[in-house]
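Notes follow once the structure below has been shown.
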Amino acid sequence: MKNLLITGGAGFIGSNYVRYVLQNHSDLHVTVFDKLTYAGNLDNLRDVAEQFQLRYKFVKGDICDAAAVEAALRDRSIDTIVNFAAESHVDRSLLTPDAFIKTDVNGTHVLLEAAKNFQIERYHQVSTDEVYGDVPVGSSKEIDPLAPRSPYSASKAGGDLLVQAYHVSFGVPTTITRGSNTYGPYQYPEKLLPLFMTNAIDDQWLPVYGDGLQVRDWLYVLDHCAGIDLVLQRGTPGEVYNLGGENEQHNIDVIRMLLKMMHKPESLLRRVTDRPGHDRRYSLDVSKLHTLGFEQSATFEQELAATVKWYTKNEWWWRKIKSGEYLEYYKAQYEKRLAESTAVQ
Ligand code: NAD
Ligand code: DAU
């Protein structure tokens, strides 16, 4: 592994991963291949471009465009693909499912074809715990059936199945990680934690879906990056690895912890109509990843506090985003719901 193509590397986890591998592997060269959708942002990589000029290159491109993908593989002598590129927000998948099927299914297929034709040494797919669907009891193991319930999770599951099929049918050396809810610097402020942090800084309402008793397993972004790196170094081709934070929490408890850290009142919380088809709980069994030596860096409380600090100090980054397209999306998603909202007891 010497020349990595990191698709979706201008997004949240992808940009953290680019920084992580360049800092931790001095022999690696990284090419970021990204369409720069609303979620892609070169500000996420500004420091990387300055610090790693000789080992980093950015190529603007769409993973659905086979010619552009092949040109990048050829021109940059790529031996490893790590695919972060995706439409990633469940709420948006309920508004515009087509984009999810295009990128998360068709785009994955284009990358796999290219990986096969160019005899890539490793194709890694960044997937999600959401492919297992709602998990009322117990924890999902890698061999469990996939039961996705939103257009987002269904398209990610489609991608995973194609990855497995290309390994079995054509011998492409693939690995998959299924990560849980990730948080940290550079996360687009549509997802729960950055949305609530940035709204709270501005004393804006915080829209809690339904009773707030849904359960998510929170994973710090650098732990997510370390888990992917570990699977690339030590994982077995053809295998899937769950990558969770072993930190299951009710949404409302996380939100209250956040408000306390930010010294903001609970009166900012508003109960709004729930997300349609909202999965109640995700839970991963991560014992397989532990056999490779996976360990997390710090506690949830420490990493959440560090993330609050980052958003507080980096208003330049998120204030630019919270304009234009973002405001249109926010209005469509929340205006009516907030107008009809009630206080959270
Ligand atoms: P993100 O939305 O922040 O970033 C996605 C990136 O992909 C953006 O830079 C965007 O421009 C790019 N992109 C989208 N469509 C593209 C296309 N057709 N061609 C090229 N680039 C394209 O997403 P994220 O939260 O960083 O998630 C990254 C990956 O991790 C996704 O595959 C997601 O499913 C998975 N994941 C995310 C989480 C989470 O909590 N955020 C958890 C588990 C897994
Ligand atoms: O589980 C991994 C997944 O985590 C990733 O695959 C997805 O890419 C990522 O977006 C995330 O999906 P979720 O739907 O769990 O994340 P989100 O931040 O949108 O919501 C987290 C929880 O908070 C969920 O139960 C819905 C709730 N929520 C979310 C928003 C945006 C609210 O109560 N209010 C909100 O405004």
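The values are calculated or read from the model by the stated rules, or taken from the named source; none is laboratory data. Just so we're clear, the structure is a prediction, and the values are computed from it rather than from any experiment. As a convention, Cβ positions derive from the backbone with ideal geometry for all residues, glycine included, and neighbour counts pool all protein chains shown. These accessible areas exclude ligands, DNA and RNA; they are computed on the full protein's heavy atoms, side chains included. Shrake-Rupley method; radii C 1.70, N 1.55, O 1.52, S 1.80 Å.
Where the second residue is aliphatic (A, V, I, L, M) and surrounded by 19 or more Cβ atoms within 10 Å (Cβ to Cβ) and the first is within 18 Å of L289 (Cα to Cα) and lies in the range 129-144, which pairs have Cβ atoms under 7 Å and are six or more apart or on separate chains?
Pairs found: D129/L284; V131/A157; S139/L284; S140/L284; E142/V240.
Mind listing just one residue for me: the one in the range 150-183 that is of a type in the set (V, I, T) and outside any loop (DSSP other than H, G, I, E, B) and, of those, farthest from ligand 2 (Cβ to nearest atom)?
Pass one, the range 150-183, residues of a type in the set (V, I, T): 163, 168, 172, 174-177, 182.
Retained after the next criterion (residues that are outside any loop (DSSP other than H, G, I, E, B)): 163, 168, 174-177, 182.
Values: V163: 16, V168: 24, T174: 19, T175: 17, I176: 13, T177: 11, T182: 7 Å.
Once the filter is applied, the top-ranked residue is V168.
Kindly indicate whether any position in the range 64-83 is at negative phi, in a loop (DSSP other than H, G, I, E, B) and hydroxyl-bearing (S, T, Y). If you could, list the steps in order and put the result at the bottom.
Pass one, the range 64-83, residues at negative phi: 64-76, 78-83.
The next check asks that each one be in a loop (DSSP other than H, G, I, E, B); those that pass are 64-65, 76, 78-79.
This time we only want the ones that are hydroxyl-bearing (S, T, Y), so: none.
No; the residues of the range 64-83 include none that is at negative phi, in a loop (DSSP other than H, G, I, E, B) and hydroxyl-bearing (S, T, Y).
Residue-by-condition table, conditions (1) basic (K, R); (2) within 11 Å of ligand 2 (Cβ to nearest atom); (3) open to solvent by 30 Å² or more (accessible area, probe 1.4 Å); (4) modelled with pLDDT of 95 or more:
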| site | (1), (2), (3), (4) |
| --- | --- |
| H109 | no, no, yes, yes |
| L112 | no, no, no, yes |
| H124 | no, no, no, yes |
| E130 | no, yes, no, yes |
| S139 | no, no, yes, yes |
| P148 | no, yes, yes, yes |
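Could you identify the single residue in K35, K102, K116 that is modelled with pLDDT of 95 or more, over 22 Å from N242 (Cα atoms), charged (D, E, K, R) and over 20 Å from the mean Cα position of the chain (by Cα)? Spell out how you get there, then give the answer.
Values: K35 fails: over 20 Å from the mean Cα position of the chain (by Cα); K102 fails: over 20 Å from the mean Cα position of the chain (by Cα).
Of K35, K102, K116, the one residue that is modelled with pLDDT of 95 or more, over 22 Å from N242 (Cα atoms), charged (D, E, K, R) and over 20 Å from the mean Cα position of the chain (by Cα) is K116.
Is it true that S26 is free of Cβ contacts under 8 Å to residues at least 12 places away in the same chain, more than 28 Å from L195 (Cβ to Cβ), open to solvent by 30 Å² or more (accessible area, probe 1.4 Å) and of a type in the set (S, T, Y)? Break it down into steps so the answer makes sense when it comes.
On the way: free of Cβ contacts under 8 Å to residues at least 12 places away in the same chain: yes; more than 28 Å from L195 (Cβ to Cβ): yes; open to solvent by 30 Å² or more (accessible area, probe 1.4 Å): yes; of a type in the set (S, T, Y): yes.
It is true that S26 is free of Cβ contacts under 8 Å to residues at least 12 places away in the same chain, more than 28 Å from L195 (Cβ to Cβ), open to solvent by 30 Å² or more (accessible area, probe 1.4 Å) and of a type in the set (S, T, Y).
Of the residues in the range 73-88, how many are surrounded by 19 or more Cβ atoms within 10 Å (Cβ to Cβ) and either within 11 Å of ligand 1 (Cβ to nearest atom) or more than 21 Å from D27 (Cβ to Cβ) (or both)?
Residues of the range 73-88 surrounded by 19 or more Cβ atoms within 10 Å (Cβ to Cβ): 73, 78, 80-88.
When the remaining residues are screened for being either within 11 Å of ligand 1 (Cβ to nearest atom) or more than 21 Å from D27 (Cβ to Cβ) (or both), the result is 82-88.
So the answer is 7.
Residues to consider are L292, L268; find the one that is touching a residue at least 60 places away in the same chain (Cβ under 8 Å), open to solvent by less than 50 Å² (accessible area, probe 1.4 Å), touching a strand residue (DSSP E or B) at 6+ places or on another chain (Cβ under 7 Å) and farther than 16 Å from R216 by Cβ.
Details: L292 fails: touching a strand residue (DSSP E or B) at 6+ places or on another chain (Cβ under 7 Å).
From the options L292, L268, the qualifying one is L268.
Can you work out which of the residues in the range 184-225 that are within 28 Å of P145 (Cβ to Cβ) and outside any loop (DSSP other than H, G, I, E, B) is farthest from the chain's Cα centre (by Cα)?
Selected residue: Y209.
Determine which member of the set G40, G14 is in a loop (DSSP other than H, G, I, E, B), within 16 Å of ligand 2 (Cβ to nearest atom) and either within 24 Å of E70 (Cβ to Cβ) or open to solvent by less than 30 Å² (accessible area, probe 1.4 Å) (or both). Outline the logic, then answer.
On the way: G14 fails: in a loop (DSSP other than H, G, I, E, B).
Matching residue, one of G40, G14: G40.
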